[in-house]
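The values are calculated or read from the model by the stated rules, or taken from the named source; none is laboratory data. A quick note: this is a predicted structure, and the numbers were derived from the prediction, not measured. Side chains included, ligands, DNA and RNA excluded: accessible areas come from the protein's heavy atoms. Shrake-Rupley method; radii C 1.70, N 1.55, O 1.52, S 1.80 Å.
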Amino acid sequence: IKFSRTCGVSSPVCVPGISAFAAAALVLPGNYPYYLDLIQSLSVGPVLIGLAKFGIAFPVSYHTYNGIRHLCWDLGKGFRLPDVNRSGYVVIGLSVITSIAVNY
């Protein structure tokens, strides 16, 4: 499984998305409470909001943990195939745990 490729593919999606969101927060009228009230008025329910939060948190945490994995590779650690596969699963597991934890 090519876990490192998914990190490379997620970068062109995450970086512009987060940058666009940040730029919109700077230039759109209104403040945080206004947009929070707007989202609450949509009545989408806690499940959908939780899924949206997970959908934002997972790529960010996955990319962060995979970046740490790449730093370990830069130090010459973990190049054996079993280590590469194990670290890939650890990255996915930590990303899921982190994404769930930020929802609470």
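Remarks
- Accessible area in square angstrom per residue, the chain, 1.4 angstrom probe: 73 Å²
- Nearest 10 degrees, 0 to 90: helix 46-74 Cα axis against the chain principal axis: 30 degrees
- When only alpha carbons of the chain are considered, Rg and Dmax amount to 17.2, 53 Å.
- Derived scalar couplings ³J(HN,Hα) [region 19-36; Karplus, 6.51 cos²θ - 1.76 cosθ + 1.60; whole Hz; x for Gly, Pro]: 5, 5, 4, 5, 5, 5, 5, 7, 9, 6, x, x, 10, 4, x, 4, 6, 5
- Computed over the chain: relative contact order in percent, which uses C-alpha pairs under 8 Å that are six or more apart: 39 percent
- Nearest-10 value in Å² for the accessible area of Lys53, using the 1.4 Å probe: 90 Å²
- Centre-to-centre, using Cα atoms only, region 84-99 and region 17-81 are separated by 17 Å.
- Against the criterion of solvent-accessible heavy-atom surface with a 1.4 angstrom probe, Cys72, Cys14 sort, most first, into Cys72, Cys14.
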